[in-house]
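K.L.:
Below is one structure. I have some questions about it.
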Amino acid sequence: MTYTTNDYPSLLEIVKRVMRSKKDCTYILLLASQEILEVSKRGKTMNAYLDDFAQIAGPSVQIVQEETTGFHGLKHRDALIVQGVGALCMGNSESDAHAVAALVQKDSKAALLGLSCAQVKPLPYLDTHLMRYVYKKKYAKLVCSSMGKGKVAMHKGI
């Protein structure tokens, strides 16, 4: 389904703010699934339940209302959930944004499972931040350097 700015006028403002605040973002994909819309009703953040989500998308994703004038923490995250609208998944390319979207979708399913099953818990806070740091400082640089040599870059876990 294609959305226009007439459908969500304040969404365009959110996208503009994201693009201004994230210098490493050139592509944003809107993902609106049943699971993400349900998670968007459940709190202020969606924590990482899956290690690949923590590495690539970030340790958690903030959930904001469509009218929100400010949001935080995008420097270390590549997604933002807009309540009742969907997830804005960010990347340096369309394929990066699609990889983030796939992980946001998987993690939203795990988050919903966690709501119904007490044994399913998000990953520990410190672990998720360490995973993200190592991914951004080590693995992502290896991918970028290998791309210059004609190799295909693959995201771990996808």
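K.L.:
Taking the full set of protein chains and a 1.4 angstrom probe, give the accessible area of HIS76 in square angstrom, rounded to the nearest 10.
P.N.:
Spelled out: HIS76, probe radius 1.4 Å, area about 100 Å².
K.L.:
Next question, about the same structure. Count the net charge of all other residues whose Cβ sits under 11 Å from the Cβ of LYS22, scoring Lys and Arg as +1 and Asp and Glu as -1.
P.N.:
Net charge around LYS22: +3.
K.L.:
Could you tell me the accessible area of GLU13 in Å² (1.4 Å probe, neighbours in place), rounded to the nearest ten?
P.N.:
Per-residue accessible area (GLU13): approximately 90 Å².
K.L.:
How would MET131, MET90, MET19 line up by accessible area, probe 1.4 Å, largest first?
P.N.:
MET19, MET131, MET90
K.L.:
Let me ask you something else. In nm, give the distance between the simple-model label positions of THR68 and LYS136, each being 7 Å from the Cα along the Cα-to-Cβ direction.
P.N.:
So the two model labels end up 1.8 nm from each other.
K.L.:
Something else about it: Which value, in Å² rounded to 10, gives the accessible area of THR45 with a 1.4 Å probe and all protein chains present?
P.N.:
Spelled out: THR45, probe radius 1.4 Å, area about 70 Å².
K.L.:
Please state the shape class of region 1-139: rounded when a/c is under 1.5, otherwise prolate if a/b exceeds b/c and oblate if not, all from the C-alpha gyration tensor.
P.N.:
oblate
K.L.:
If you don't mind, there's one more thing I want to ask. Using the structure shown, list the pairs from LYS16/LYS44; LYS23/LYS109; LYS106/LYS136; LYS16/LYS75 with a Cα-Cα distance above 25 Å, or answer none.
P.N.:
LYS23/LYS109
K.L.:
In what sequence, largest accessible area first, do ASP51, ASP96, ASP78 appear using a 1.4 Å probe? Kindly include the intermediate steps, with their values, before the conclusion.
P.N.:
Numbers: ASP51 80, ASP96 45, ASP78 20 Å².
Solvent-accessible surface, decreasing: ASP51, ASP96, ASP78.
K.L.:
Quick check: with the 1.4 Å probe, what order do ARG20, ARG132, ARG77 take by accessible area, largest first?
P.N.:
Values: ARG20 145, ARG132 15, ARG77 35 Å².
The most accessible residue leads, giving ARG20, ARG77, ARG132.
K.L.:
Return one whole number: the accessible area per residue of region 1-119 in Å², for a 1.4 Å probe. Could you put the intermediate results ahead of the total?
P.N.:
On the way: 5980 Å² over 119 residues.
Ligands and nucleic acids excluded, the figure is 50 Å² per residue.
K.L.:
If I compute solvent accessible area with a 1.4 Å probe over the protein chains, what percent of it on region 5-74 is carbon and sulfur?
P.N.:
49
K.L.:
I need the calculated FRET efficiency for the pair ARG20 and ASP51, taking r as the beta carbon distance and R₀ as 25 Å, to the nearest 0.05.
P.N.:
After rounding to 0.05, the efficiency reads 0.25.
The values are calculated or read from the model by the stated rules, or taken from the named source; none is laboratory data. Keep in mind it's a predicted model, so treat the numbers as computed, not measured. Note that each Cβ is placed from the backbone with ideal geometry, even for glycine, and that neighbours are counted across all protein chains shown. What goes into the accessible areas is simple: the full protein's heavy atoms, side chains included, and nothing from ligands, DNA or RNA. Shrake-Rupley method; radii C 1.70, N 1.55, O 1.52, S 1.80 Å.
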